[in-house]
Amino acid sequence: MLLCLDIGNTNIVVAEVSDRIENLFRFSTKAKFTKDDIISKLVSKNYENIIISSVVPSVNQVIEEIFIEAFNIKPLFVDIKMIHGIDILLDNPSELGSDLLVASVACKALYGGNNIIIDLGTANKILVLLGNKFLGGAITPGFMSSFEGLFSNAELLNTIPLDMPKKIVGSNTIECIQSGSIIGTASMIEKMVEKMKKEIEIKYQETDFHIILTGGNSIYVKDAIELDFEYCPDLLIYGLVELYKLNK
């Protein structure tokens with residue numbers, strides 16, 4: 001059994017994996033979590049190893065100490081040295097977050113070919129993997145960050161459910177905000193993917209792409225996106241498993 005953790009800015013996702021994901025849960029990164037918050041939810045507690053992707057360095061030491069104390073295992077934290085077979089074509093490859101490294105490894109293993117990865121979390125990330133080349137992408141403020149920001153700065157607005165709106169032209173405050181947040185995010189994604197594909201076609205003469213949608217907030221937007229895509233909410237867990245296999 002392998003224990004995988006994806007530590008993001010909003011949530012920490014924990015998964016126990018053997019031949020498949022046996023147990024998966026999440027909790028808030030910002031909460032003052034304790035050892036029991038993690039250990040009590042684990043089923044196996046008998047692990048070959050622990051592998052972690054983290055974009056929140058401030059919690060790494062606490063997490064590491066929890067697993068050393070509980071299982072006498074020093075976790076493996078993903079870094080760029082673990083990546084094999086992917087050429088990172090960024091101005092400064094060390095800037096690439098471990099979550100994006102892991103997503104790229106997962107897509108290469110699961111789909112091969114050319115991929116556009118749409119990862120909707122604290123930030124919206126649209127990334128391009130051209131064969132074995134990580135070209136880069138685009139980052140915008142996350143869907144939930146924008147949504148919550150609206151309420152914190154608008155005194156008269158109440159919390160609004162993140163439901164798919166029945167129409168684009170809303171006729172009340174709830175419908176208008178749902179349309180702007182959900183349909184607006186989907187429209188941004190569609191247009192960005194269209195522009196990226198045009199740019200890549202001109203530069204690389206490539207037109208065939210597999211589009212993968214993932215990330216904790218993708219559940220709210222997936223039904224509004226008018227693209228042919230594969231929905232893979234556990235993409236980073238698959239990537240962590242693949243990375244572990246490659247670095248054993």
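The values are calculated or read from the model by the stated rules, or taken from the named source; none is laboratory data. Source: prediction; values computed, not measured. Positions of Cβ are backbone-derived with ideal geometry, glycine not excepted, and every protein chain shown enters the neighbour counts.
Observations on the model:
- Total residues in the range 68-96 satisfying the condition of being within 25 Å of Ala109 (Cβ to Cβ) and either in contact with a Pro (Cβ under 8 Å, 6 or more places away or on another chain) or charged (D, E, K, R) (or both): the figure is 5.
- Within the range 11-38, being surrounded by 18 or more Cβ atoms within 10 Å (Cβ to Cβ) and hydroxyl-bearing (Ser, Thr, Tyr) holds for one residue alone: Thr29.
- Taking the listed residues Lys198, Lys222, Lys167, the one that is modelled with pLDDT under 95 and not polar (S, T, N, Q) is Lys167, with no other qualifying.
- Members of the range 173-225 found to be in a helix (DSSP H, G or I), touching a residue at least 60 places away in the same chain (Cβ under 8 Å) and in contact with a Pro (Cβ under 9 Å, 6 or more places away or on another chain), listed by number: Ser218, Ala224
- Candidates Ser187, Ser171, filtered to the one that is among the hydroxyl-bearing types (Ser, Thr, Tyr) and in contact with a helix residue (DSSP H, G or I) (Cβ under 9 Å, 6 or more places away or on another chain): Ser187
- A single member of Tyr244, Tyr238, Tyr231 is among the aromatic types (Phe, Trp, Tyr) and either crowded, with 22+ Cβ neighbours inside 10 Å or at positive phi (or both), and it is Tyr238.
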